[in-house]
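The values are calculated or read from the model by the stated rules, or taken from the named source; none is laboratory data. It should be emphasised that the depicted structure is a prediction, and the values quoted were computed from it without experimental measurement. FYI the Cβ positions are ideal-geometry reconstructions off the backbone, even for glycines, and counts take in every protein chain you see. We work out accessible area using only protein heavy atoms, side chains counted, and drop any ligands, DNA or RNA first. Shrake-Rupley method; radii C 1.70, N 1.55, O 1.52, S 1.80 Å.
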Amino acid sequence: MELLKVKNLKKIFPKHKVAAVDGVDISISKGEIYGLVGESGCGKSTIARAILRLIEVQEGSVLYKEQDLLKMPYRKMRAFRKSLQMIFQDPHTSLDPRVKIGEIIEEVFIIHDNLSQQERRNKTLETLEMVGLGEAYLGRLPSELSGGERQRVGIARALATDPEFIICDEPVSSLDISVQAQILNLLMDLQKRKNLTYLFISHDLGVVGSICDRVSVMRKGRFVETAPCEEIFASPKHEYTKTLLNASRLHFR
Amino acid sequence: MLKIEGLRVKYGADEVVRGVDLAVKKGECVGLVGESGCGKTTVGLSAARLIDARKGKIVSGKILFEGRDILEFDAEGLRKLRGRRISYVFQEPFSSLNPVFTVHEQLKEALREKGKAQEAISEILKSVGLEKISGKKNIYPHELSGGMQQRVMIAMAIASRPDLVILDEPTTALDVSVQNQILELIAELKEKMNLSILFISHDLRIVFSMADRINVMYAGRIVESGPKKDIVSQPRHPYTKGLIGSIPSLKNRKKRFEAIEGKTPLFSDLPKGCKFYPRCKFRIEKCEDEEPAIENISGDHFARCVRAKELV
Ligand SMILES: Nc1ncnc2c1ncn2[C@@H]1O[C@H](COP(=O)(O)OP(=O)(O)OP(=O)(O)O)[C@@H](O)[C@H]1O
Ligand SMILES: Nc1ncnc2c1ncn2[C@@H]1O[C@H](COP(=O)(O)OP(=O)(O)OP(=O)(O)O)[C@@H](O)[C@H]1O
Ligand code: SF4
Ligand SMILES: [Mg+2]
Ligand SMILES: [Mg+2]
């Protein structure tokens, strides 16, 4: 079943002559892990933000379960936001600096679920523990965490709503290999157990190659190639994909 | 150039840097790796005296910059030091760029020689792969992508032509091709300007490609240090071995990733003996009682493990 369908998405920022996203089409099935790779500044985060209507676009539609998110009244959109989550690229700017970690997560349960205080506490702790952070973090502010710990709070917050679809924008970029492995295993387990769907943005081809079903390679606002993951890695068609793969070979042992 | 001796740093009651020694020679790139939350950024910030005094405190130790302890510098001395001699690239670029000034204004401010500023700015932006904004004077940091912000930070750091640069996860948001370009640029500056570099990263692959020497940190202390080739070919500490073993590869599609088992210890509740004990595959009884001292393995290679000499 097709869960998300993006059609002809176009975004031009003021001051820019060229479009940051220039007519992009995406189709993601339920349960799929869809990778998005491409050079820095090519428009990946812009697509993510446009899907969730965090920015206004000039053209295009975003069908989620066949309803156009871009045309929906905000009230209705809010109902969808529970099942549609995003892990932001820059956790520092997406977490409210005045709110403690425990409250950031608990808030999610207050908004979305009808739970007793004790149940909320337990779920908060459970969620933080899934990303390797425990009780000791509940009372801290975002600024009192390391970079990688903040990134994991962002992941925990997205997972807390028990979503169906998650846009992951560079979700593990500041995590060391070992914690990264725990998080990727967690994302893969959840995907299998609950049949979650991900749009997975990453610059790490190793990570994309090992978890995604299909990948789109993006350059200067456009998709240059979309194919099943094995195919892209085994026989890249587009010159730019080849360049990207060659550059990353240096990093694999 | 930089010598850190016996550094201890506390946030509240937690001591998160628990006696770190580390040195960066002139023209050398020294890597600092370790898992999320082990104290890398805290060491880096301390080395430039950038720890927020409301949150953290350097409890003891020395930070020698060209032989002088900067912990004893006054505000004026520090200002001079940070403006010209040491520059810092922060882990989260957006939070450290000033949102109310344009990228051009901030770069201009950072330039050491103010003559021909426009040319110099264009040159620097080009070297970090941002030629497309070099003609645009009215761009603010929030109008850039994550990776572009990171490159602006790097451009600012080198604009002042420092002697020492501390790079905290400088390429986390960058795709491989831009990342390679930046790493080459840094290597080139190191050669040309005899720049000294403290390179902080969680990514062993990148540290391997950049550093002359590598320090591996675990739970607030260095557990292994040595020339790159020794660490790559003969890691002695079980934690370092685990790190190297879990480098991902394309061969294992859709398989579970290999992680070092167990959880990162909490600073408020560290094991008494070796801090890696609960997760260590090689542990023996005596590891539990006392934290091992750092010991010389050979030449310039050190490890903090009672079994380092037998674990080849
Ligand atoms: N708020 C904004 N105002 C103006 N321009 C913007 C804004 N946000 C992004 N841009 C521009 O849009 C382009 C695409 O940015 P985007 O953040 O989507 O890139 P990205 O692919 O996510 O890159 P990265 O890998 O570096 O995060 C860039 O040229 C950027 O400068
Ligand atoms: N202001 C603070 N108050 C309390 N604890 C703090 C504070 N800042 C950092 N910490 C803790 O200190 C430890 C070291 O943090 P640091 O930022 O140095 O880690 P790091 O090695 O750079 O990690 P990362 O790779 O995730 O960036 C972490 O466990 C963190 O939770
Ligand atoms: S001292 Fe013992 S527990 Fe610690 S790393 Fe060495 S073998 Fe493992
Ligand atoms: Mg981005
Ligand atoms: Mg850090």
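Taking residue B:197 as the residue in question, decide whether it is modelled with pLDDT of 95 or more and away from ligand 3 (no atom under 16 Å from the Cβ). Spelling it out, residue B:197 is indeed modelled with pLDDT of 95 or more and away from ligand 3 (no atom under 16 Å from the Cβ). For segment B:190-200, taking the residues that are out of contact with any Lys or Arg (no Cβ under 8 Å at 6 or more places or on another chain) and buried (at least 18 other Cβ atoms within 10 Å of the Cβ), the one that is nearest to the other protein chains (Cβ to nearest Cβ) is identified as B:199.
Within segment A:105-114, is there a residue that is within 10 Å of another protein chain (Cβ to nearest Cβ), under 27 Å from residue A:67 (Cα atoms) and open to solvent by 40 Å² or more (accessible area, probe 1.4 Å)?
So in segment A:105-114, the residues within 10 Å of another protein chain (Cβ to nearest Cβ) come out as none.
Looking for residues that are within 10 Å of another protein chain (Cβ to nearest Cβ), under 27 Å from residue A:67 (Cα atoms) and open to solvent by 40 Å² or more (accessible area, probe 1.4 Å), one finds none in segment A:105-114, hence no.
Being within 19 Å of residue B:275 (Cβ to Cβ), more than 14 Å from chain A (Cβ to nearest Cβ) and open to solvent by 20 Å² or more (accessible area, probe 1.4 Å) holds for only one residue in B:161, B:236, B:213, and it is B:236. Report yes if some residue within segment A:164-171 is open to solvent by 20 Å² or more (accessible area, probe 1.4 Å), touching a helix residue (DSSP H, G or I) at 6+ places or on another chain (Cβ under 8 Å), within 23 Å of residue B:92 (Cβ to Cβ) and not in a helix (DSSP H, G or I); otherwise report no. Checked segment A:164-171: no residue is open to solvent by 20 Å² or more (accessible area, probe 1.4 Å), touching a helix residue (DSSP H, G or I) at 6+ places or on another chain (Cβ under 8 Å), within 23 Å of residue B:92 (Cβ to Cβ) and not in a helix (DSSP H, G or I). On inspection, residue A:187 qualifies as under 24 Å from residue A:107 (Cα atoms), at pLDDT 90 or above, more than 7 Å from chain B (Cβ to nearest Cβ) and touching a strand residue (DSSP E or B) at 6+ places or on another chain (Cβ under 9 Å). Restricting attention to segment B:132-148 and to residues that are in a helix (DSSP H, G or I), facing chain A (nearest Cβ under 8 Å) and touching a residue at least 12 places away in the same chain (Cβ under 8 Å), the residue that is farthest from ligand 2 (Cβ to nearest atom) turns out to be B:148.
Residue B:185 fulfils the conditions (1) more than 30 Å from residue B:128 (Cβ to Cβ); (2) out of contact with any strand residue (DSSP E or B) (no Cβ under 9 Å at 6 or more places or on another chain); (3) aliphatic (A, V, I, L, M) except for a single criterion, (1). The residue that is farthest from ligand 5 (Cβ to nearest atom), among those in segment B:216-233 that are within 13 Å of chain A (Cβ to nearest Cβ) and either buried (at least 17 other Cβ atoms within 10 Å of the Cβ) or touching a residue at least 24 places away in the same chain (Cβ under 8 Å) (or both), is B:232. Restricted to helices (runs of 4 or more DSSP H) entirely inside segment B:18-98, those with at least 3 residues that are more than 16 Å from ligand 4 (Cβ to nearest atom) are B:40-47, B:75-80. Only one of the listed residues (A:58, A:85) is open to solvent by less than 70 Å² (accessible area, probe 1.4 Å) and either touching a residue at least 24 places away in the same chain (Cβ under 8 Å) or within 16 Å of ligand 4 (Cβ to nearest atom) (or both). That residue is A:85.
Does residue A:96 count as more than 16 Å from ligand 1 (Cβ to nearest atom), touching a residue at least 40 places away in the same chain (Cβ under 8 Å), in a strand (DSSP E or B) and closer than 30 Å to residue B:144 by Cβ? Criteria not met by residue A:96.
For segment B:264-309, enumerate the residues that are aromatic (Phe, Trp, Tyr) and either within 16 Å of ligand 2 (Cβ to nearest atom) or more than 20 Å from residue B:241 (Cβ to Cβ) (or both).
Residues satisfying the conditions are B:267, B:276.
Got at least one residue in segment A:207-217 being more than 16 Å from ligand 5 (Cβ to nearest atom), open to solvent by 10 Å² or more (accessible area, probe 1.4 Å) and either in contact (Cβ under 8 Å) with a residue 12 or more places away in the chain or outside the structural domain of residue A:46 (by TED's automatic domain parsing) (or both)? Let's see the steps before the verdict.
To start, the set of residues in segment A:207-217 that are more than 16 Å from ligand 5 (Cβ to nearest atom) comprises A:207-217.
With the extra rule that they be open to solvent by 10 Å² or more (accessible area, probe 1.4 Å), the set shrinks to A:213-214.
Now narrow it down to the ones that are either in contact (Cβ under 8 Å) with a residue 12 or more places away in the chain or outside the structural domain of residue A:46 (by TED's automatic domain parsing) (or both): A:213-214.
Yes, some residue in segment A:207-217 is more than 16 Å from ligand 5 (Cβ to nearest atom), open to solvent by 10 Å² or more (accessible area, probe 1.4 Å) and either in contact (Cβ under 8 Å) with a residue 12 or more places away in the chain or outside the structural domain of residue A:46 (by TED's automatic domain parsing) (or both).
Number of residues in segment B:65-89 that are open to solvent by 70 Å² or more (accessible area, probe 1.4 Å), within 19 Å of the chain's Cα centre (by Cα) and either under 14 Å from residue B:155 (Cβ atoms) or free of Cβ contacts under 8 Å to residues at least 12 places away in the same chain (or both): the value is 0. Pairs meeting the criteria (first residue in segment B:284-309 and over 15 Å from residue B:239 (Cβ atoms) and open to solvent by 50 Å² or more (accessible area, probe 1.4 Å), second residue part of a strand (DSSP E or B) and modelled with pLDDT of 95 or more, beta carbons under 6 Å, at least 6 apart or on different chains) are B:296/B:302; B:300/B:226; B:300/B:227. When B:55, B:25 are checked against the criterion of being away from chain A (no Cβ under 14 Å), away from ligand 1 (no atom under 16 Å from the Cβ) and surrounded by fewer than 16 Cβ atoms within 10 Å (Cβ to Cβ), a single residue qualifies: B:25. If you go through segment B:72-108 and keep only what is in contact with a Leu (Cβ under 9 Å, 6 or more places away or on another chain), among the hydrophobic types (A, V, I, L, M, F, W, C) and more than 14 Å from every other protein chain (Cβ to nearest Cβ), you end up with B:73, B:86, B:107. With respect to the conditions (1) closer than 26 Å to residue A:185 by Cβ; (2) more than 14 Å from chain A (Cβ to nearest Cβ); (3) touching a Ser or Thr at 6+ places or on another chain (Cβ under 8 Å), residue B:264 lacks only one, and its number is (2). I'd like the full set of residues that are open to solvent by 70 Å² or more (accessible area, probe 1.4 Å) and assigned to a loop (DSSP other than H, G, I, E, B), limited to segment B:112-131. Scanning segment B:112-131 gives B:112, B:113, B:114, B:116.
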